[in-house]
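A.B. asks: For reference, the structure I am asking about is given below.
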Amino acid sequence: MLTFGSAAAWINNPVISVLIIFAGIYLFIKFCTWSKQFQLPAAFRKWVFILTGVGMVVFNIMYAKGNALIATSGNWSGATIALISSLIWVFIFTFALMAENKPE
């Protein structure tokens, strides 16, 4: 809940927040290094890139609707689903970006 501003006391500690950010960056770099070991067909990579462009618009709309839902009813589910689904797509995009092209 660091993204949405949790009220937990340990999250409000700036040192813990910075450590969480650095741990996330480190894990992301490790994921990128791991994904370099794989080979994907160029057509699959192309479709992932196209869907990423479409996804930018879709995730933006989802998050805007989620924020509107928060403002009207205080329900956080829409924004949370938008955030989690966009983060999952970031890893799919990164995997496709970092993987090597399969030789033809």
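Bear in mind these aren't lab numbers, they're just calculated from the coordinates by the rules spelled out. A quick note: this is a predicted structure, and the numbers were derived from the prediction, not measured. In this analysis, Cβ positions are derived from the backbone assuming ideal geometry, glycine residues included, and neighbour counts consider all displayed protein chains.
A.B. asks: Connecting C-alpha atoms closer than 10 Å in a GNM of the chain, tell me which of 86, 17, 73 has the biggest fluctuation.
C.D. replies: Residue with maximal mean-square fluctuation among 86, 17, 73: 73.
A.B. asks: Compare 67, 75, 13 in a GNM of the chain, Cα atoms joined below 10 Å, and give the one with the largest fluctuation.
C.D. replies: The residue with the greatest mean-square fluctuation here is 13.
A.B. asks: Take the alpha-carbon centre of region 74-104, take the same for region 10-30, and report the distance between them in whole Å.
C.D. replies: Each part's Cα centre sits 20 Å from the other's.
A.B. asks: Also, quick follow-up: Within straight cross-link reach of residue 102, meaning Cα distance under 25 Å, which lysines are found once same-chain residues fewer than 8 apart are removed?
C.D. replies: Excluding near neighbours in sequence, the set is 30, 36, 46.
A.B. asks: If contacts are Cα pairs under 8 angstrom and at least 6 residues apart, what is the relative contact order of region 38-101 in percent? Could the numbers behind the result be given before it?
C.D. replies: Numbers: 47 pairs, mean separation 30.5, N = 64.
Relative contact order comes out at 48 percent.
A.B. asks: Using a 10 Å Cβ count of at most 16 others and DSSP loop calls, identify the longest part of the chain lacking such chymotrypsin sites (Phe, Trp or Tyr not before Pro).
C.D. replies: 39-75
A.B. asks: Right, next: Take the eigenvalues of the Cα gyration tensor for region 38-101, scale each by 5, and report the square roots as semi-axes in whole Å, largest first. Kindly include the intermediate steps, with their values, before the conclusion.
C.D. replies: Working: eigenvalues 188, 22, 5 Å².
Value: 31, 11, 5 Å, ordered largest first.
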